[in-house]
């Protein structure tokens with residue numbers, strides 16, 4: 001029943017978005033409304049040799065949410081008629097995070113996303129381009145969105161120009177409204193990973209996929225991962241983290257990637273043929289590994305899709321495989337306002353205190369290694385887990401032995 005209602009809500013959102021985009025297009029086609037409306041931003045692209053374009057952002061939704069789409073309307077006008085000018089190409093959105101530090105604002109480019117196509121209109125004419133684009137960030141930020149045009153060869157027409165730019169705030173979704181239509185196994189079975197192995201795990205472009213992979217590898221290095229380390233990547237997907245680690249880990253190091261999707265594991269085995277890189281299929285709560293302890297374990301966007309009881313079981317597996325001197329990086333949506341959890345496996349918000357308790361019961365100490373505000377009730381937190389002193393002792397046999405150990409030590413005191 002909840003799955004059916006979620007599908008109905010999701011379909012309703014898509015219909016409303018299409019109707020709103022259609023209404024906006026009509027506004028810019030009616031002469032009277034067109035004369036009293038002002039574009040949000042504009043710029044001139046191209047050059048004296050390729051011909052110039054006037055590019056305008058006419059409309060853009062005000063509220064953007066991660067893991068969702070939003071609508072824009074663009075207009076291109078042609079100023080010149082040169083024989084060597086580009087006649088068509090792609091429309092690109094460039095996302096820039098705006099960060100404030102010490103009363104100064106810095107800009108962090110987050111990659112380009114191809115969202116549509118264009119053709120050059122005749123001189124004196126204009127072309128309206130409706131765009132429905134994915135939100136290009138998986139976090140809550142103040143952003144600038146720039147629009148660029150590329151020719152058929154992929155060359156930017158705005159290289160030496162000031163691109164039209166608008167400012168928006170990206171907000172986090174509410175887990176209660178997230179879609180329940182999410183299947184780890186089925187999602188890989190329906191795509192051709194040889195043609196596109198990045199969209200299936202989130203990023204809209206291969207460039208963004210690779211940039212995120214490098215960011216994950218840097219996180220591990222910043223927290224002490226060495227070239228000779230043994231690394232476990234739970235939920236490895238199509239190898240986003242494995243790719244940069246190919247050039248970081250030495251022959252003495254080792255990488256193990258596990259995932260629920262058999263197609264993803266088969267793809268990784270074919271792509272990464274290094275002797276010290278291994279890929280295995282795991283279950284929701286079990287990891288098929290024995291006889292090896294890991295120096296670094298990474299779980300990116302894993303606990304964000306797991307129920308509390310499954311997380312508790314997986315934590316026991318992670319402690320079993322973590323070296324006493326190793327560490328784990330894992331992210332989760334946490335909130336003090338949630339009784340236990342809310343949402344579906346597409347997005348789950350967890351009770352913060354309960355998650356902390358689950359860490360401790362499974363033999364971990366924890367600290368917050370990074371925080372992304374999500375919405376008014378929730379944060380997305382990256383936790384660094386290390387082995388607790390109690391769990392390093394010989395008598396540690398998992399969560400069930402914790403109370404007995406504590407009682408024994410209390411009696412001795």
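Consider residue 311 against the criteria (1) surrounded by 22 or more Cβ atoms within 10 Å (Cβ to Cβ); (2) free of Cβ contacts under 8 Å to residues at least 60 places away in the same chain; (3) within 23 Å of residue 210 (Cα to Cα): it satisfies all of them except one. Which criterion is unmet?
Of the numbered conditions (1) surrounded by 22 or more Cβ atoms within 10 Å (Cβ to Cβ); (2) free of Cβ contacts under 8 Å to residues at least 60 places away in the same chain; (3) within 23 Å of residue 210 (Cα to Cα), the odd one out for residue 311 is (3).
Which number in (1) without any contact (Cβ under 8 Å) to a residue 24 or more places away in the chain; (2) crowded, with 21+ Cβ neighbours inside 10 Å marks the one condition that residue 270 misses?
Exception for residue 270: condition (2).
Among the residues that make up region 120-140, is at least one of them part of a loop (DSSP other than H, G, I, E, B), under 24 Å from residue 199 (Cβ atoms) and in contact with a helix residue (DSSP H, G or I) (Cβ under 9 Å, 6 or more places away or on another chain)?
Yes, the conditions are met somewhere in region 120-140.
So residue 204 fits all but one of (1) in a loop (DSSP other than H, G, I, E, B); (2) surrounded by 15 or more Cβ atoms within 10 Å (Cβ to Cβ); (3) in the same structural domain as residue 263 (by TED's automatic domain parsing); (4) in contact with a helix residue (DSSP H, G or I) (Cβ under 9 Å, 6 or more places away or on another chain); what number is the exception?
With (1) in a loop (DSSP other than H, G, I, E, B); (2) surrounded by 15 or more Cβ atoms within 10 Å (Cβ to Cβ); (3) in the same structural domain as residue 263 (by TED's automatic domain parsing); (4) in contact with a helix residue (DSSP H, G or I) (Cβ under 9 Å, 6 or more places away or on another chain) applied to residue 204, the lone miss is (4).
Only one residue in 226, 155 is in the same structural domain as residue 239 (by TED's automatic domain parsing) and more than 23 Å from the chain's Cα centre (by Cα), so which one is that?
Of the residues listed, the single one that is in the same structural domain as residue 239 (by TED's automatic domain parsing) and more than 23 Å from the chain's Cα centre (by Cα) is 226.
Looking at region 378-395, which of the residues that are over 20 Å from the mean Cα position of the chain (by Cα) and outside any helix (DSSP H, G or I) is surrounded by the fewest Cβ atoms within 10 Å (Cβ to Cβ)?
394
Would you call residue 5 exposed (fewer than 14 other Cβ atoms within 10 Å of the Cβ), touching a helix residue (DSSP H, G or I) at 6+ places or on another chain (Cβ under 8 Å) and modelled with pLDDT under 75?
The answer is no for residue 5.
Going by the conditions given, is residue 162 part of a loop (DSSP other than H, G, I, E, B), under 23 Å from residue 373 (Cβ atoms), modelled with pLDDT under 90 and not assigned by TED's automatic domain parsing to the domain that holds residue 283?
Considered against the rule, which asks whether it is part of a loop (DSSP other than H, G, I, E, B), under 23 Å from residue 373 (Cβ atoms), modelled with pLDDT under 90 and not assigned by TED's automatic domain parsing to the domain that holds residue 283, residue 162 comes out as no.
Is at least one residue of region 254-271 closer than 23 Å to residue 370 by Cα, in a helix (DSSP H, G or I) and in contact with a strand residue (DSSP E or B) (Cβ under 9 Å, 6 or more places away or on another chain)?
No: zero hits.
The values are calculated or read from the model by the stated rules, or taken from the named source; none is laboratory data. These numbers come from a predicted model, not from an experiment. Virtual Cβ from ideal backbone geometry, glycine too; neighbours counted across all protein chains shown.
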